[in-house]
Structures are given as structure tokens and as C-alpha cells.
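Presented below is the structure to which this report refers.
The values are calculated or read from the model by the stated rules, or taken from the named source; none is laboratory data. A quick note: this is a predicted structure, and the numbers were derived from the prediction, not measured. Using ideal geometry, Cβ is built from the backbone for each residue, glycine included, and neighbour counts are taken over all protein chains shown.
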Amino acid sequence: MKSSFLATIIIFTTSLFSVAAVEISETDFGKNLGGWTKRGKQAAEYPLSGSTYRTYKPELSPTPDGGIFVSVRIDHVRGWLSSDDHAILEITVNSKGAVVSAQSNIAIQGRSISSDVILGTNEAGRQAAVGTDRAVQIGTDLVADLSAKLLREKLVEAGRVSFPAVLRHNYNLLFQAVRVDGAPVTLTDGAPVATPAVPLTPAVPITPGVPLTPGVTPPASVEVKTPPAPPAKTEVPAPGSTPLQIKPYGTPTTADLPVKN
């Protein structure tokens, strides 16, 4: 009896301190890249923008706030007689499944080009967006930063010029592979999207036929009125076209006979 009571206490305490499990669906991520079929089923190869790239399985580590840190290696496959280019994409996901930061670096012919750490804030230091919008903004800023730095290197090879777009492609697929307690994440403000059960209706009803004055809000007490139906038209027959009415003959009575003198 005592042991069962202690077991119940332990289970209850554990449930109080349990947090949502955040992870990356390695299966879905690899499937969207074409499958983990290369390098001992540890990498996926795929064509993009006329070149071939290779993405390795992501490496995950937990963060102190209950999220995860994701690191992905991406290669630009250049052929047998040329050395491949390499890139690392790193993103941080919080405990709710939202991307909070991203960074990347590219190694090309011994030169390393690193992006800034892109956070969910804009240039003015304000919070840019939240949830899915913030994830999109982080990816956009990451590609813009890398593209600007690659432009200074005056690269001309198509596969190298397209490397930032390949990183964005992997970034998008990583976000789609984020799972919280095994479920896909759809965020707006850090919480699942809620669909309203009641359709929205205008706050102020509008009366048909009554024009709205610009800058003036109609009173809330205005009711929707239906205009009355026009009276039915009565056709008047033209003169001389009145139908002839014939009264039936009746049997004469004694009062109707003439009186004889």
C-alpha cells in the first residue's frame, strides 16, 4: 500500500515538471530532400538550380529553455576533379516550436563566409513578427545577408552563387519538420492557430438604399430595412373593348304582366 502511494506521488510530480517535447522529424526532412540514400543512408542528394547538393542528417542538442539547437551540413557537389563546397546551417527552436535565431557559414576554396546571427527582431531593434511570420523573416534576412557577402567575393560559378538559396530551401524544410509532442507546428504568436467557430458579421448594419457619408460612422441602432414591394398594376380596358354582358332570361311573374282595362 505504501509503495503504491509513493509511486502515485512520483508520477504526479513528474507530470507537473514535464514539458513539451520539441524535435525535428528526421524522416519527413529527409523525404522532402529525396530520401536518405547517400553516404551510408546518412545524406540526401538533390538537384537545385542546375547544380547538385548534398544535405546530411541534422544534429540536435537541447537548449536550457527546453528547445533544441539544430545543425545541418550542406555540400555543393562539384564533380570528381573539383573539391566540394561546404556550408553549415544552424537554427535554434524554442520550447513552443518557434524559430528564434539562425546562422550559416559557407566555405569556398578555403574562404569562409559567415552570416550574422539573425534574430527575430528587425533593424530598429523591435520585435519583427511572431510565430510563422517570424520564421519567414529570419529565413529572408539570413539569405539576404549571405547573398550580400557572396556578392563581394565576385563568384561566378552558378552552384556557388545559388548556395544561399539552397540554405533557404533547407531552412524551410527544417521548419516544416519541427514537431511538438509529435505534432506539426503551425504558429502565429507562439500558440497553435485557432479557427473561429462563429463567422464574423459587420459591427454596424447597413440599410439598403441609404448612402454612407465618408468619415461618418452610421449609428449602431440602424436596422436593416427591406423596401416595400411596388403595388400591382391594374390594366384598364380600352374604350369600346368592354366585353358584352348578357343576363339570363327569367320566368315572368304576375307582377310583370301588363294590366288589361
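At a glance:
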item: Residue within the range 142-149 that is at pLDDT 70 or above, among the β-branched types (Val, Ile, Thr) and out of contact with any Pro (no Cβ under 8 Å at 6 or more places or on another chain) present; result: no
item: Hey, Asp84 of a type outside the set (Ser, Thr, Tyr), surrounded by 13 or more Cβ atoms within 10 Å (Cβ to Cβ) and over 23 Å from the mean Cα position of the chain (by Cα) or not; result: yes
item: Selected residue (only one of Gly66, Gly97 is on the phi > 0 side of the Ramachandran plot and surrounded by 16 or more Cβ atoms within 10 Å (Cβ to Cβ)); result: Gly97
item: Which listed residue is modelled with pLDDT of 50 or more, touching a Phe, Trp or Tyr at 6+ places or on another chain (Cβ under 6 Å) and surrounded by 10 or more Cβ atoms within 10 Å (Cβ to Cβ), from Gly35, Gly30; result: Gly30
item: Exclusive hit being under 19 Å from Ala148 (Cβ atoms), surrounded by 16 or more Cβ atoms within 10 Å (Cβ to Cβ) and more than 23 Å from the chain's Cα centre (by Cα), set Ile74, Ile108; result: Ile108
item: Close pairs (9 angstrom Cβ cut-off, 6 or more residues apart or separate chains): farther than 15 Å from Asn94 by Cα and in a helix (DSSP H, G or I) in the range 118-141, among the basic types (Lys, Arg) and at pLDDT 90 or above anywhere; result: Gly139/Arg168; Thr140/Arg168
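The rows are residues; the columns are (1) closer than 18 Å to Leu173 by Cβ; (2) free of Cβ contacts under 8 Å to residues at least 60 places away in the same chain; (3) among the acidic types (Asp, Glu).
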position	(1), (2), (3)
Gln42	yes, yes, no
Glu45	yes, yes, yes
Tyr53	yes, no, no
Leu60	yes, yes, no
His76	yes, no, no
Glu90	yes, yes, yes
Lys96	no, no, no
Val99	yes, no, no
